[in-house]
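The values are calculated or read from the model by the stated rules, or taken from the named source; none is laboratory data. Keep in mind that this is a model prediction, so the values were computed, not measured. Here Cβ is always computed from backbone atoms with ideal geometry, including for glycine, and neighbour counts include all displayed protein chains. Note: accessible area is taken over every heavy atom of the protein model, side chains too, but ligands, DNA and RNA are not part of it. Shrake-Rupley method; radii C 1.70, N 1.55, O 1.52, S 1.80 Å.
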Amino acid sequence: MKLICIGRNYAEHAKEMDSAIPTEPIFFLKPDTAVIKDNQPFYYPDFSKEIHHEVELIIKISKAGKNIDPEFANKYYDEIGIGIDFTARDIQNKCKEKGLPWEKAKAFDGSAPIGQFIDKKNISDLSDINFHLTINENTVQKGNTKDLLFSFDTIIAYVSKFFTLKTGDLIFTGTPEGVGPVAIGDKLEAYIENKKLLSFEIK
Ligand code: MG
């Protein structure tokens with residue numbers, strides 16, 4: 001199973017990062033060792049002093065495909081979930097400065113907590129999904145898929161030109177604005193609409 005993460009897919013987040021708005025999807029991978037399931041805690045790693053939360057909707061791939069036509073992309077997923085693309089921002093900034101790959105900052109163990117998934121049949125409009133993240137019960141990030149630069153179907157079509165998608169692969173679809181640091185002791189909870197699908201602590 002692989003995790004494919006889309007970067008800068010919300011314009012307001014690209015702005016807060018002082019990054020250009022992309023003209024085609026930007027993506028990177030995380031290994032399966034990044035996944036945290038079942039609301040298990042995230043252990044703050046000792047190699048970073050600046051771990052940031054990025055709450056993101058996740059597409060779960062339900063059948064294998066390559067070179068998928070955007071028109072048929074919706075047949076390749078049945079479930080949507082929510083997770084965190086944890087980022088060691090201090091390390092990422094150093095990598096960016098030197099033009100080095102981001103993996104150390106993005107793909108480390110535990111960098112991808114994922115919550116429960118919901119059947120997309122229960123979502124009336126995939127291009128109007130509200131989601132948000134709270135830390136210690138305060139809302140810190142809020143997004144809606146109407147603000148996606150690249151839709152779920154566009155992402156699937158684009159990524160599948162390069163990588164064969166397999167059943168169970170997860171695509172993190174990008175974070176809205178409001179990213180920021182987490183600290184030991186914080187409780188993070190992520191919601192699609194008013195449904196809490198992820199809840200865990202930083203230890
Ligand atoms: Mg992200």
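Loop-located GluC sites (Glu not before Pro) in the range 39-147 (DSSP state other than H, G, I, E, B) with a sparse environment of at most 16 neighbouring Cβ atoms within 10 Å: 50, 137. Across the range 124-137, computed HN-Hα scalar couplings (Karplus, 6.51 cos²θ - 1.76 cosθ + 1.60, θ = phi - 60°) run 6, 9, 5, 9, 8, 9, 8, 8, 7, 10, 10, 10, 6, 6 Hz from first to last residue, x flagging Gly and Pro. The simple Förster model, with R0 at 30 Å and r as the Cβ-Cβ distance, assigns residue 72 and residue 102 a FRET efficiency of 0.45. When peptides 57-63, 195-201 are ranked by their average number of other Cβ atoms within 10 Å per residue, the highest-first order is 57-63, 195-201. Remark: the range 149-154, residue by residue, has Karplus-estimated 3J(HN,Hα) of 6, 10, 5, 3, 5, 5 Hz, where x stands for each Gly or Pro and the curve is 6.51 cos²θ - 1.76 cosθ + 1.60 at θ = phi - 60°. Quick one: pull the percent of accessible area on the chain belonging to carbon and sulfur, 1.4 Å probe, ligands and nucleic acids left out. Percent of accessible area from carbon and sulfur atoms in the chain: 48. Applying the Karplus relation 6.51 cos²θ - 1.76 cosθ + 1.60 with θ = phi - 60° to the range 104-118 yields 3J(HN,Hα) values of 4, 8, 10, 10, 5, 3, x, 7, 9, x, 10, x, 6, 9, 10 Hz, where x marks Gly and Pro.
Here the sum of -39500 (n - 2.57) over DSSP H runs of 4 or more residues, divided by the residues of the chain, equals -4000 deg cm²/dmol at 222 nm, to the nearest 500.
Quick check on packing: order 141-151, 28-38 by the mean number of other C-beta atoms within 10 Å, highest mean leading.
Top to bottom by mean Cβ count within 10 Å: 141-151, 28-38.
Among beta bridges identified by DSSP and lying wholly in the chain, the antiparallel ones come to about 90 percent. Among 172-179, 89-96, the peptide with the highest mean count of other Cβ atoms within 10 Å heads the list, and the full ranking is 172-179, 89-96. How big is the equivalent ellipsoid of the chain along its three axes, where each semi-axis is √(5λ) from the Cα gyration tensor, reported in whole Å from largest to smallest? Taking √(5λ) for each Cα gyration eigenvalue gives 24, 20, 16 Å. Name all residues of the range 95-124 having a backbone nitrogen under 16 Å from the label point set 7 Å from the Cα of residue 39 along its Cα→Cβ direction, giving them as ranges. Within reach of a label on residue 39, which here means backbone N under 16 Å from a point 7 Å along Cα→Cβ, the range 95-124 contributes 113-118.
Along the Cα→Cβ direction, 7 angstrom out, place labels at residue 144 and residue 119. What is the inter-label distance in nm? Distance between label points: 2.7 nm.
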